[in-house]
Amino acid sequence: MMTLQLLVPVITYQAGKTDALVENIAGIAKYLEADVHALVHVPDFPPVASALGNMMLNVPSMVRDLKADCRSRAKVLVDAIGQRLAGRPMQFQTTEVMCFPPELGDMAAVHARYHDLVVVDLGTSASAPGAAEAIIFGSGKPTLLISDKVEKIDFDHVMIAWDGTRAAARAVKDSELFLQRVAKITVVTVTEEKPLPGDDPNARLLDYLSRRGMSAQGISVAGGRFNPVAQLLQDKAKEIGAGLLVMGGFGHSRVRDFVLGGATNSILKDLKIPALLSH
């Protein structure tokens, strides 16, 4: 059986709480029986052109101290993940990358193309959502968003947000690494929010999953202009006891040209349950 490969960007610049990241990565790796590759980011900054600025602030020294501090924090975090994975068959490796902080997402997206799944913790840094955007729309691989707001990760019940679009279809296909392991699948279609393609797309997806040997149930929820789709989907997932939301990512792939879909943008800003996004 093929061993899955997880990529985990480790953000060290302006990083906040990371305790939950260690436990969550270990739990996800165990659940998927996957190898883990930690992509450790050490921030780099362009040299200051002003000689006076260098004399006044000693910028090179500040940058060296910042890099050393980030490397120190990364070592603690990486060692903790390694200890949690010790004694298990999955392999664990690390790669250090140096770049200007806003460039991390694009760099991680390139590394992600050689992995099966990227796991991004949105709670570790204020820059994590921006990095996640670049990975979702630039990697070509599914991205699992997690957060320290989630007390316990449990993937036994997966909820698929389905609207019959290309992005949603891609997300369903990419989520099969979870769907093949779960006990329960629920397909949710949001009505009254936008026109849905074809005739009863919910029933057609249920039929597709059945033919793939996966049993699922379908439900519909009413949307509307005063019910943000991302909030509606996450609230419904929590209501039915789902531990993972699967949805398509809507937007453009160039960072400066992002016109994110409302649901995608809201998920990145306020993640309440783990969500797997594909584009």
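The values are calculated or read from the model by the stated rules, or taken from the named source; none is laboratory data. Every value quoted in this text rests on a predicted model; they were computed, and no experiment measured them. No Cβ is skipped: glycine too gets one built from the backbone with ideal geometry, and neighbour counts run over all protein chains shown.
Some points to look at:
- HIS115 passes every criterion in (1) assigned to a loop (DSSP other than H, G, I, E, B); (2) out of contact with any His (no Cβ under 9 Å at 6 or more places or on another chain); (3) touching a residue at least 24 places away in the same chain (Cβ under 8 Å) apart from (2).
- Those residues of segment 108-136 which are at pLDDT 95 or above and surrounded by fewer than 20 Cβ atoms within 10 Å (Cβ to Cβ), in sequence order: VAL110, HIS111, ARG113, TYR114, ASP116
- Taking the criterion of being modelled with pLDDT under 90 and assigned to a loop (DSSP other than H, G, I, E, B), the residues of segment 20-78 that qualify are ASP44, PHE45, PRO46, PRO47, VAL48, ALA49, SER50, ASN58.
- Taking (1) crowded, with 21+ Cβ neighbours inside 10 Å; (2) under 16 Å from PRO9 (Cα atoms) in turn, ALA171 satisfies each apart from (2).
- Count - residues of segment 76-103 that are under 26 Å from TYR31 (Cβ atoms) and crowded, with 16+ Cβ neighbours inside 10 Å: 10
- ALA109 meets the conditions (1) small (Gly, Ala, Ser); (2) more than 18 Å from PRO43 (Cβ to Cβ); (3) part of a helix (DSSP H, G or I) in every case but one. The failed one is (2).
- Residue, farthest from GLU23 (Cα to Cα), within segment 63-75, restricted to residues that are of a type outside the set (Lys, Arg) and surrounded by 13 or more Cβ atoms within 10 Å (Cβ to Cβ): VAL63
- Residue check, GLU133 under 19 Å from the mean Cα position of the chain (by Cα) and without any contact (Cβ under 8 Å) to a residue 24 or more places away in the chain: no
- Residues of segment 1-19 classified as within 17 Å of ARG88 (Cα to Cα) and either touching a strand residue (DSSP E or B) at 6+ places or on another chain (Cβ under 9 Å) or at pLDDT 85 or above (or both), total: 4
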